[in-house]
1. Would you mind getting the Kirkwood hydrodynamic radius of the stretch 12-70 from its Cα pairs, rounded to one decimal in Å?
2. Can you work out ³J(HN,Hα) from phi for every residue in the stretch 111-127, in order, using Karplus 6.51 cos²θ - 1.76 cosθ + 1.60 and θ = phi - 60°, giving whole Hz and x for Gly and Pro?
3. Just add up the charged neighbours of Glu116: K/R +1, D/E -1, any other residue whose Cβ is under 13 Å from the Cβ of Glu116.
4. Would you mind checking which residues have amide H under 5 Å from Phe59's amide H? H placed 1.01 Å from N; only 5 or more apart, or other chain.
5. Given H placed 1.01 Å from N in the peptide plane, which residues other than close sequence neighbours of Val99 have an amide H under 5 Å from its amide H?
6. Stokes-Einstein diffusion coefficient for the chain at 25 °C in a medium of 0.890 mPa s, Rh from the Kirkwood formula over Cα pairs: what value in µm²/s?
7. Projected onto the charge dipole of the stretch 8-82 (+1 at Lys/Arg Cβ, -1 at Asp/Glu Cβ, origin at the Cα centre), which of Leu70, Gly41, Leu54 gives the Cα projection farthest towards the positive end?
8. Give me the distance between the Cα centres of the stretch 100-117 and the stretch 17-77, rounded to whole Å.
Amino acid sequence: MGKSYERIDGRLRSFIEAQPIFFTATAPLAGDGHVNVSPKGRAGTLAVLDELTLAYLDFGGSTAETIAHLRENGRITLMWCAFTGPPTVVRVHGTGEAVFRDDPRFAELLGHFAPEADGSGLRAVVLVRAERISDSCGFAVPFMDYREDRALHEEYFDRKTDEEFAAYCAKKDYVGVSVDGLPALPLPLPPRP
């Protein structure tokens, strides 16, 4: 049976930190808007800051739906599944905010991540404050073996200067605004601090 928790500590924290992938889910307020679910998995890009706060590094991509939804309404759910070991699913429902590169908190937040986790193509740090923490059985989640992270994303953006990355963001249709027309990543992209 599923259970709710007051905080992220002990077993829950260990479980979250051990998973090589997690998923984010957000949605706009409009009933006909697009719900977004995104996989996140670059090693070292998630940090449990305290018993109710998590953060992850948000890198460049084709869209910025999560950022747009957080700017509009702040609702977010994070989910981890056990693909090995005991069958478990953990969800953190909460509110989130994107801390952009020109925010004074940006550099301080980067200190919570291993230096090798920070990399080219970093757009923001997403802060999540937990409002509901729960687990449930993962009986229907298959066993899968983790081999290694894919290096393609990191290698692609490592070939770009910060100016080239800013140009990449500016030319993407759904980075400055979401597929539903909501403000997403502020453009022009501010330089790294």
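1. 12.9 Å
2. x, 7, 10, 4, x, 6, 6, 6, x, 4, x, 6, 9, 6, 10, 9, 9
3. -3
4. Arg123
5. Excluding prolines and chain starts, which carry no amide H, the hits are Val125, Val126, Leu127.
6. Numbers: Rh = 17.4 Å.
My calculation gives 141 µm²/s for D.
7. Positive-end residue among those listed: Gly41.
8. First find each Cα centre; the distance between them is then 16 Å.
No lab work stands behind these numbers, since they all come straight from the coordinates. Please read these numbers as outputs of a predicted model, since none were measured by experiment. Positions of Cβ are backbone-derived with ideal geometry, glycine not excepted, and every protein chain shown enters the neighbour counts.
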